[in-house]
1. Residue by residue, what Karplus-based ³J(HN,Hα) values in Hz, rounded to whole numbers, does region 327-335 have, using 6.51, -1.76 and 1.60 with θ = phi - 60° and x for Gly and Pro?
2. Apply the a/c threshold of 1.5 to the C-alpha gyration tensor of region 2-84 and tell me whether it is rounded, prolate or oblate.
3. With the cut-off at 1.5 for a/c, could you classify region 365-426 from its C-alpha gyration tensor as rounded, prolate or oblate?
4. How big is the antiparallel share of DSSP beta bridges in region 378-524, given as a percent to the nearest 5?
5. Amide H of ALA394 versus every other amide H placed in the peptide plane: which residues, excluding those fewer than 5 positions away on the same chain, fall under 5 Å?
6. Would you mind computing, in nm to one decimal, how far apart the modelled labels at GLU515 and ALA236 are, each placed 7 Å from Cα along Cα→Cβ?
7. Using a Förster radius of 45 Å, what is the FRET efficiency between ALA26 and ARG384 based on their Cβ-Cβ separation? Nearest 0.05, please.
8. Can you flag which of LYS25/LYS404; LYS218/LYS383; LYS357/LYS429 are past 28 Å Cα-Cα?
Amino acid sequence: MKKEFRLPDVGEGLTEADIVSWHVKAGDTVTINQVIVDIETAKAVVELPSPYAGTVTALLVDEGQTIDVGVPIIAFDVPGAGDADPAPTQDTVPGRAQERPQKQAPEARQPVLVGYGVKPGSTSRRPRKRPPTRPGSYPTTPSAPPTGSPPTGGPGNGVGGSAGGVAPAPSAGFPAGIKLPPGIPAPPAPPASSAPPASPPATAQGQHTRNRPRVQAKPPVRRLARDLGVELGGLAGSGPEGSVTREDVERAAGEARNRSEAKAPAPAAEPHVAADLGHERAARSSLAGSSLAEERIAVRGVRKHTAAAMVASAFTAPHVTEFLQVDVTETMAAARRARDLPEFAGVKVSPLVFVAKALLVAVRRHPMINSSWDEAAQEIVVKRPVNLGIAVAAERGLLVPNVKAADALPLAGLAQAIDGLAATARAGKTTPADLAGGTITITNVGVFGVDAGTPILMPGEAAILAFGQVRDLPWVVSGELAVRKVTTLSLSFDHRIVDGELGSAVLRDVGSMLEDPIRMLAWS
């Protein structure tokens, strides 16, 4: 039996994902839960297991493509599953129920990921009924389409409209049971023909476009078309209901670029610039020696999500940033001594662990710093467990996994958790669960040789602490000048929740504990 695996929603209500790499090819035999593909969502790279045991007949999408949730990505030949049509069609053939009694009950939906997917007893979606005509077009008839505005998809229409677009007008060829809205006449039925209707001529296509007030395309596709200078009205959509997809826009942009390059004189040999999705670092290194005037890198996956989150945070929460220079000589010595303790065996002990512990102790002394602003309820939500976010510069962009209930961990457990999260993020294996639910964040800009900065809050959090590089600087100790290990701390906070007094108290306490780590014990 032929089976197709559709791209699932792996959590967080995601709507699309990028195909990173396939682990199988056509002709391979797979087992249930065998990893078949890596996808990159807006949060992380996720491995998808196979829901079937059988033979791969076709890979329906290529690596690097952006696919909407619900689109088939791979086809299987599953032995012993019967010869029924897997499509969700209505059984209208008499006696079929007696011939295949096992199909009387609906097939149980199987979760595709551990911890994600469907829940027992969840409501299944009614199969969408489609007209027999070509999607996104009117039936081929001698008469013109209805002159009124076509009804939009939604409750009561009976035709599933795609987001951001307009559904085609109903026709006499619709399946039985679909009622036409009041006042909309049904056009004549299309002539019986087994061949698909030919593409309309340019004049008819122009008339068809004028009758439809809006081209069907999702907002990201419209933005991409605007950035690439592609006119959506001149494209024939290949998506559901005739909607224009990202591939249609990129194909049109490529054709336009090829035409312009054919007219222009051939330039000198230029180095190839790798700008595939997610490989931004490769693009940067190639661009260093390129003679191109500009190069465009598609914003997808983690970077796309990060950009949207930072814009939302910067223009929603009023940011305030305070700075404090701290003598961390004693903290650096404590980190060196901790590496020799058996409790820290096999764990990377860095000054960041002590900064994290100091912030956790400061949160216990000032709980309001670990909170969020609920705009809808006009309330401040104080979070009791501290889910400490650690910003990690990964290959595919900035990731901020968080240590759940970090305030309950001892120093060795905290060091192990931070080390594990950072290693997982750099390997591209961070799960959506690790990225969700953070309450306060630390970003270590010192590893890049930076003294200080003004970090932007993570959405839904009230504060973020930046830890700058540790440098040898002249410092006054007991009235005398000495060379000490000095760093700069930067605390950004949401001024709707945290006023200057609270922000200063938190920053001062963190600095005091880093100057004298014994205070961490006294205040814990």
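Please treat every number below as a calculation from the coordinates, not as lab data. Bear in mind the structure is a predicted one, so any value in this text is a computation, not a measurement. Neighbour counts run over all protein chains shown; Cβ positions are idealised from the backbone, glycine included.
1. Each residue of region 327-335 in turn: 7, 10, 4, 5, 5, 4, 5, 5, 5 Hz.
2. Details: a/c = 1.98, a/b = 1.75, b/c = 1.13.
Taking the square roots of the gyration eigenvalues as a ≥ b ≥ c, region 2-84 is prolate.
3. Numbers: a/c = 3.74, a/b = 1.46, b/c = 2.56.
Cα axes put region 365-426 in the oblate bin.
4. Values: 17 of 24 bridges.
If I count the DSSP bridges inside region 378-524, around 70 percent turn out antiparallel.
5. Amide H to amide H, under 5 Å and 5 or more residues apart or across chains, ALA394 pairs with LEU399.
6. 7.4 nm
7. Details: r = 52 Å, r/R0 = 1.16.
Efficiency computed from Cβ-Cβ geometry: 0.30.
8. Numbers: LYS25/LYS404 38 Å; LYS218/LYS383 36 Å; LYS357/LYS429 25 Å.
Distance filter (> 28 Å) returns LYS25/LYS404; LYS218/LYS383.
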